[in-house]
Amino acid sequence: MIVIANILIVTTIVVGIIFTIVTMIGILRLPDVYTRAHAASKSATLGVLSILLGVFLHFWLKEGHFSIQLLLGILFLFITSPVGGHLMGRAAYMSVSNLLMRLSIMI
């Protein structure tokens, strides 16, 4: 049981780290605000949720402590992070982002 718990904990944390690295690369390499907001909201949410889930599983399975605070943090992040990404994209759209200016010049 301990080996299975360790594999589950390490797997969720490693998946979270991979998603967080993909987020960092996406924010640095993508060209405009819309694709950066997509990278920041989607993969960062999955990355942080996976890391928090791994921490929750560690405390629950190895330490025997069921943490309501971690579950509420996971729930709060799951609800608010996509809303924040949507609001960033909407703010960029309302302020006539650089992408819209380039597209209007091309047409």
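The values are calculated or read from the model by the stated rules, or taken from the named source; none is laboratory data. In this text, all values refer to a predicted model and were calculated from it rather than measured experimentally. All Cβ positions, glycine included, derive from the backbone under ideal geometry; neighbour counts span all protein chains shown. Quick note on the areas: whole protein, heavy atoms, side chains included, nothing else; ligands and nucleic acids left out. Shrake-Rupley method; radii C 1.70, N 1.55, O 1.52, S 1.80 Å.
In the stretch 48-65, how many are more than 13 Å from the chain's Cα centre (by Cα), touching a residue at least 12 places away in the same chain (Cβ under 8 Å) and open to solvent by 40 Å² or more (accessible area, probe 1.4 Å)? Final tally of qualifying residues: 4. Of the residues making up the stretch 54-79, just one is outside any helix (DSSP H, G or I) and closer than 24 Å to ALA44 by Cβ, namely SER67. Among the residues of the stretch 66-88, those identified as under 12 Å from the mean Cα position of the chain (by Cα) and in contact (Cβ under 8 Å) with a residue 24 or more places away in the chain are ILE74, LEU77, PHE78, SER81, PRO82, GLY84, GLY85. Restricting the stretch 30-44 to residues that are in contact with a Gly (Cβ under 9 Å, 6 or more places away or on another chain) and without any contact (Cβ under 8 Å) to a residue 40 or more places away in the chain, the residue that is farthest from ASN6 (Cα to Cα) is THR35.
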